[in-house]
């Protein structure tokens, strides 16, 4: 029996896929795993494609572990972007200038 790919599936779909492959699922980071529905699997062990006996236990995780990072964690960047742009503070608005009379002339 080959382990199916569970990463990217919602919890409910991962349980169904494991059931159809005669595998058991365990989620160490979710004590309420049976009630977890819409969280997505981000890691699994054993890896997809590994041969295991029927009824084997597959571990799935729904959160990246400490230090593994995650989507959107990209700061601080190196090298830093150049100065100016949005970071530059804008000047305080001045008093509006007196209206000037426009002179229109035709040649």
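Give me 36, 20 ranked fewest to most by other Cβ atoms within 10 Å of their Cβ, as a rough exposure proxy. Lowest to highest Cβ neighbour count: 20, 36.
With 10 angstrom as the radius, rank 32, 13, 39, 22 by how many other C-beta atoms surround their C-beta, starting from the fewest. Please list the in-between numbers first.
Details: 32 7, 13 15, 39 18, 22 12.
The most exposed by this proxy come first: 32, 22, 13, 39.
Multiplying each eigenvalue of the alpha-carbon gyration tensor of segment 11-61 by 5 and taking the square root yields semi-axes of 18, 11, 10 Å, largest first, rounded to whole angstroms. Counted residue by residue at 0.36 nm each, then reduced by the alpha carbon distance between them, the extension gain from residue 37 to residue 20 reaches 4.4 nm.
All of the numbers you see were taken from the coordinates with simple rules; none came from a lab. Computed from a prediction, not measured in an experiment: that's the story for all the values here. Neighbour counts are summed over all protein chains in view; Cβ atoms, including those assigned to glycine, are modelled from backbone coordinates with ideal geometry.
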